[in-house]
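What follows is a set of notes on a single structure, which appears directly below.
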Amino acid sequence: MNADPEVREHLGDLLTREQSDASVSRFQAEFDQRGYGWWAVEVAARGEFIGFAGLDEVDDHMPFTGVEIGWRLARSAWGQGYATEAALTVLAHGFDALELPEILAVTTATNLRSQAVMRRIGMTRDPADDFDDPTEPEGPLRPNVLYRITRTART
Ligand SMILES: CC(C)(COP(=O)(O)OP(=O)(O)OC[C@H]1O[C@@H](n2cnc3c(N)ncnc32)[C@H](O)[C@@H]1OP(=O)(O)O)[C@@H](O)C(=O)NCCC(=O)NCCS
């Protein structure tokens, strides 16, 4: 999944096996430390791993702070509603168990599939919140959009 150019189109460089494994170790450590993070997503009927979804603290270099929701699925799992289903479960955990007042979502302006998931789970975008990712050079990964949902506005 992390070595698939289609999956990585809006994320940056392809990852090697070592980099991908290291990111999973980091996810596990963060989860243990904070009590929330990235969950593996499986198709329950088959027990098949198809990707991950979860919550993370917004990176320090972003022009806002908060907790963001995210998702990444293997290409073969796209187009079946799995990201939306997983995201709704993550949102429920964020609002009901963690009692977060608001959850954010960030992606590149060109990542229309991810933005469609954001809208499907009830998040909204104010174009005034659009921003350039300061860590990215000029190019398609630099213009980003921000979606939000508050606990009270949840569908
Ligand atoms: C972003 C990503 C997770 C979205 O995946 P997705 O499959 O498009 O999203 P969903 O799982 O919500 O599925 C929606 C599609 O399934 C269809 N679908 C079928 N059954 C459905 C159901 N029960 N509920 C919702 N949608 C359903 C929808 O009609 C939609 O079809 P479309 O793609 O033809 O419009 C995926 O493209 C991805 O992993 N991209 C690479 C990583 C990435 O960019 N992550 C985000 C970084 S911010």
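The values are calculated or read from the model by the stated rules, or taken from the named source; none is laboratory data. These numbers come from a predicted model, not from an experiment. Positions of Cβ are generated from backbone atoms using ideal geometry, with glycine treated the same way; all protein chains shown enter the neighbour counts. Accessible surface areas use protein heavy atoms only, side chains included; no ligands, DNA or RNA. Shrake-Rupley method; radii C 1.70, N 1.55, O 1.52, S 1.80 Å.
Computed over Cα pairs, the Kirkwood radius of the chain leads via Stokes-Einstein (1.306 mPa s, 10 °C) to a diffusion coefficient of 98 µm² per second.
Evaluating 6.51 cos²θ - 1.76 cosθ + 1.60 at θ = phi - 60° for every residue in segment 38-49, the Karplus couplings come out as 9, 9, 6, 10, 10, 7, 4, 5, 10, x, 8, 6 Hz, glycine and proline recorded as x.
For segment 57-63, backbone phi angles converted through the Karplus equation (6.51, -1.76, 1.60; θ = phi - 60°) give residue-by-residue couplings of 6, 4, 4, 4, 7, 6, x Hz, Gly and Pro being listed as x. Subtracting the Cα-Cα distance of TRP78 and ALA97 from their residue separation scaled by 0.36 nm leaves 4.0 nm. Residues VAL7, VAL24 ordered from highest to lowest accessible area at a 1.4 Å probe: VAL24, VAL7.
Note on TRP38: accessible area approximately 50 square angstrom, rounded to 10, probe 1.4 Å, nucleic acids and ligands left out. Charge dipole (Cα centre; +1 on Lys/Arg Cβ, -1 on Asp/Glu Cβ; no other charges) of segment 1-78 amounts to roughly 260 debye. Only one residue of THR124, ALA44, ILE103 has its Cα farthest out toward the positive end of the dipole of segment 17-150, where Lys and Arg carry +1 and Asp and Glu -1 on Cβ, and that residue is ALA44. Fully extending the segment from GLU6 to GLN19, taken as 0.36 nm per residue of separation minus the present Cα-Cα distance, adds 2.9 nm.
Using the Cβ-Cβ distance between ARG26 and ALA128 with R0 set to 30 Å, the FRET efficiency works out to roughly 0.35. Of the whole protein surface, MET1 contributes about 60 Å² of accessible area at a 1.4 Å probe radius.
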